[in-house]
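The values are calculated or read from the model by the stated rules, or taken from the named source; none is laboratory data. This one's a predicted model, so the numbers in the text were calculated from it and none came from an experiment. All Cβ positions, even for glycine, are placed from backbone atoms using ideal geometry, and neighbour counts span all protein chains on display.
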Amino acid sequence: MPDFLTYRLALILPRPRALLVASIDGVFVLPQISISRWERVAQQLTRSIQENWGLGAILLDVVDEDCPDTPCAVVEVRNSLLSYSASLAAVDLDEINGQALKLTEREVIRSLLNGRNIGRGPFSRIGWLEDVQDWIRQCVTDQATYFDENVRQLNASGSFALVRFPMHAGPAYWLKATGTPNIHELYITVCLAQISPSFLPPLLGVRTEWNAWITQEAGYPLDDVPTLSNFKTAVRSLAELQMETLNCTDMLTRAGALDHCVPVLRSRVDQVMNYLMAVMPRQTSTRAPRLEEHRLRQLGIILRDAFDRLEALEIPDTLIHNDLNPGNILLDGCRCRFTDWAEAYVGNPFLSLQLFLVIAEKRAPNHEGEFWRKQLSEAYCDMWSKLLNGSQIARACSLIPLLSVYSCLHGRGDWFGSERSKTPPFEAYARCLARHMDRAAQSPEFLGALCR
């Protein structure tokens, strides 16, 4: 798969309702931009449009049903008619060559120009940005709101949005909206804002018809200053948040958090191992050895034993954040706030610790990864020592490296029997995690835990 993808740009002028196009040999065509597949589409497109043509822009939709190799990005131009680049011309939709737009693309663009909603989501329309700014004004009642023009759009589609609204004075505000399959993130966020408001950015407003919410900016991402001290603050804050939610697991699961409690994960071991036995023979790479069927069967037995031992420790279930990358952790003074709760689970708290340690180790300076891992593990365990004894903590820490990999592979569990599970990328991902489980099951710490 190539690292770059080319987008054709339908640049819509709101007034007059026209399109900005390029001209090649007298034929009007959509301008094009190539961007990385591995970075945020909306952020790259809006930045490239600004750099290439001096246009402020908001991505409204991406139409890729008819042409997935060169999708059409539908963009609202934020500049006045007099300020767009001389290399572009404003034309009516019907002036664009019939081959330049596929049928679905033309239908979507025409509906946007005519102000019609064809069911592609609340953000697939001209003018939604102004509606959000009006909404923020209604939410912010303690100060005047003067918006800076440098709006930053990070995520976009007809039903998804992630946009930062800077102000001339005071804190910035964020819009987030989610569609399928992450609709539940709104309800988990609202639930957590009620249970533990000091661990989330301040929630100012909710609009259920958009499945959207407004928050006030709180702190800066951990990735901006990835020091050991800041990572310690984050892991302590994580433990505090988990302890605050100990008695709220039923509320969280009703809100949409997935159940990763021991009985649920253990009940799927046979299904997971059968899947791995089916896909392991399809490995074509020779960079890592295949796991033989007899070893996968052994891993299934080991996993069930490890889950039994973890359950016997009687560590209470609580909140798990299964997407703890440093961009989702905001430093706010002496504590951290956590965002992006689409991957919220309920289960053993030490599952979150292991995920956090893996990410932190990658951010550590050269040759300090193991030192960081030890320091952060001690900081987290010290917090939990208020509720658990030393034996519970030590045994959990020995068992969790294996079980956390299994938890990651299980994920939402929606891949079982799905078409996605049959795709080569997912099969490769599953084989990779199987090898991680195999290594974790052979570690001295884990083997020692099985002997106790």
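Values as computed for the structure displayed
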| read-out | value |
| --- | --- |
| Residue within the stretch 200-218 that is over 22 Å from Phe160 (Cα atoms) and either buried (at least 16 other Cβ atoms within 10 Å of the Cβ) or not assigned by TED's automatic domain parsing to the domain that holds Glu314 (or both) present | no |
| Residue satisfying all of: in the stretch 392-438; β-branched (Val, Ile, Thr) and part of a helix (DSSP H, G or I); farthest from Arg290 (Cα to Cα) among these | Ile393 |
| Top-ranked residue of the stretch 171-209 - restricted to ones that are among the charged types (D, E, K, R) and over 19 Å from the mean Cα position of the chain (by Cα), ranked as nearest to Val140 (Cα to Cα) | Arg207 |
| Asp270 vs. criteria within 27 Å of Lys362 (Cα to Cα) and either in a loop (DSSP other than H, G, I, E, B) or not aromatic (Phe, Trp, Tyr) (or both) | no |
| Residues that are of a type in the set (Ser, Thr, Tyr) and farther than 17 Å from Gln298 by Cα, drawn from the stretch 414-452 | Ser418, Ser421, Thr423, Tyr429 |
| Candidates Leu351, Leu291, Leu296 - the one that is outside any helix (DSSP H, G or I) and touching a residue at least 12 places away in the same chain (Cβ under 8 Å) | Leu291 |
| Which listed residue, of Arg335, Arg395, is modelled with pLDDT under 95, surrounded by fewer than 21 Cβ atoms within 10 Å (Cβ to Cβ) and on the phi < 0 side of the Ramachandran plot | Arg335 |
| Hits in the stretch 354-382 - residues which are buried (at least 17 other Cβ atoms within 10 Å of the Cβ) and outside any helix (DSSP H, G or I) | Ala364 |
| Filtered residue count, the stretch 155-197, keeping only those that are more than 27 Å from Thr253 (Cβ to Cβ) and either modelled with pLDDT under 95 or not in a strand (DSSP E or B) (or both) | 9 |
| Number of positions in the stretch 20-78 that are closer than 16 Å to Ala100 by Cβ and either among the β-branched types (Val, Ile, Thr) or in the same structural domain as Glu149 (by TED's automatic domain parsing) (or both) | 9 |
